[in-house]
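Below: one structure, written as structure tokens.
The values are calculated or read from the model by the stated rules, or taken from the named source; none is laboratory data. Just so it is clear, the model here is predicted, and its values are computed rather than measured. No Cβ is skipped: glycine too gets one built from the backbone with ideal geometry, and neighbour counts run over all protein chains shown. Surface areas here come from the heavy atoms of the whole protein model, side chains and all, with no ligands, DNA or RNA. Shrake-Rupley method; radii C 1.70, N 1.55, O 1.52, S 1.80 Å.
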Amino acid sequence: MRDNFLPSLALLLLALAPGVGCTKAEGTSDEVTASIPAASAPCVYFKTLAPFLPEELEGFTVARTQGSTGKYGEVSVSEAERLFTRGEGREVKVRIVDTTMGQKIGQAIRDAAERAKDRPASDPAAPIHWKDAVGFVRYDAEEALAEANLLVGDRFVVAVTSRGFPGTVEVRRVARGIDLAGLARLQ
């Protein structure tokens, strides 16, 4: 099922966003602070993205909430992320990203969803085509890792990742519970 992966540039950007070159803010679900002012980047400030993260997931504990807005040369990235954990090694992570690389990443997500369009709805890797989002879903059975990557409002990337679940049902459920319509309206 490797045909459902985003191109490596998009994954690299999503993976490195909180890394070198960016002032990062971390905290608990009650506290997230930053040292970069909202006007310093062309992206939505991470504190504006954070309210679109689920506050809670039934049966889970919020392990951490973090966010950042920063610049990597010519690329600006703003992100908000919340990690939920539960016994038995299960976790769900929700990440919302706004970046100046959004058009390239968005096209990669649309292309992946288009390539998977012939999969039946019952297929765990069937693409997502909702009113405010398009995306693809993948599952790695060896790692018990599921991932849903959505393009919301032709701008924001929402990644929902689960570990320890036998399929993609959990990432789809969590993604469906996010206020995607509200996020799509955000400018």
task = Filter segment 128-140 for residues that are touching a residue at least 24 places away in the same chain (Cβ under 8 Å) and not acidic (Asp, Glu) and give the result.
result = ILE128, TRP130, LYS131, ALA133, VAL134, GLY135, PHE136, VAL137, ARG138, TYR139
Selection status of ALA125, without any contact (Cβ under 8 Å) to a residue 12 or more places away in the chain, farther than 22 Å from GLY70 by Cβ and of a type in the set (A, V, I, L, M, F, W, C) = no
task = Working only within segment 72-105, note down all residues that are outside any helix (DSSP H, G or I), aliphatic (A, V, I, L, M) and either in contact (Cβ under 8 Å) with a residue 60 or more places away in the chain or touching a Pro at 6+ places or on another chain (Cβ under 7 Å) (or both).
result = VAL75, VAL77, VAL92, VAL94, ILE96, VAL97, MET101
task = Would you please name the residue that is nearest to TYR72 (Cα to Cα), looking only at residues in segment 30-54 that are modelled with pLDDT of 85 or more and not in a loop (DSSP other than H, G, I, E, B)?
result = PHE46
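Of the residues that sit in segment 121-136 and are open to solvent by less than 10 Å² (accessible area, probe 1.4 Å) and touching a Lys or Arg at 6+ places or on another chain (Cβ under 7 Å), which one is modelled with the highest pLDDT?
Of all residues in segment 121-136, those open to solvent by less than 10 Å² (accessible area, probe 1.4 Å) come to 125-126, 128, 133, 135-136.
Cutting the leftovers down to touching a Lys or Arg at 6+ places or on another chain (Cβ under 7 Å) gives us 125-126.
On the way: ALA125: 90, ALA126: 93.
Selected residue: ALA126.
Within segment 81-89, is there a residue that is touching a helix residue (DSSP H, G or I) at 6+ places or on another chain (Cβ under 7 Å) and at pLDDT 95 or above?
no
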query = Has segment 156-169 got any residue that is outside any loop (DSSP other than H, G, I, E, B) and of a type in the set (Phe, Trp, Tyr)?
reply = yes
note = When ASN149 is run through (1) in contact with a strand residue (DSSP E or B) (Cβ under 7 Å, 6 or more places away or on another chain); (2) of a type outside the set (A, V, I, L, M, F, W, C); (3) farther than 16 Å from ALA184 by Cβ, the failure sits at (3)
request  = For ASP179, state whether it is farther than 16 Å from THR85 by Cβ, modelled with pLDDT under 95 and surrounded by fewer than 17 Cβ atoms within 10 Å (Cβ to Cβ).
outcome  = no
inquiry  = Name the residue that is nearest to the chain's Cα centre (by Cα), counting only residues in segment 141-154 that are under 20 Å from LEU53 (Cβ atoms) and not hydrophobic (A, V, I, L, M, F, W, C).
reply    = ASN149
query = Taking only pairs six or more apart or across chains, which ones have beta-carbon atoms under 7 Å, a first residue in segment 162-182 that is under 15 Å from GLU55 (Cα atoms) and touching a residue at least 12 places away in the same chain (Cβ under 8 Å), and a second residue that is open to solvent by 10 Å² or more (accessible area, probe 1.4 Å) and part of a loop (DSSP other than H, G, I, E, B)?
reply = VAL174/PRO54; VAL174/LEU57; GLY177/PRO54; ILE178/PRO54; LEU180/ASP132
ask   = For segment 155-169, which residues satisfy the criterion of being open to solvent by 20 Å² or more (accessible area, probe 1.4 Å) and either under 14 Å from the mean Cα position of the chain (by Cα) or among the basic types (Lys, Arg) (or both)?
value = ARG155, THR161, ARG163
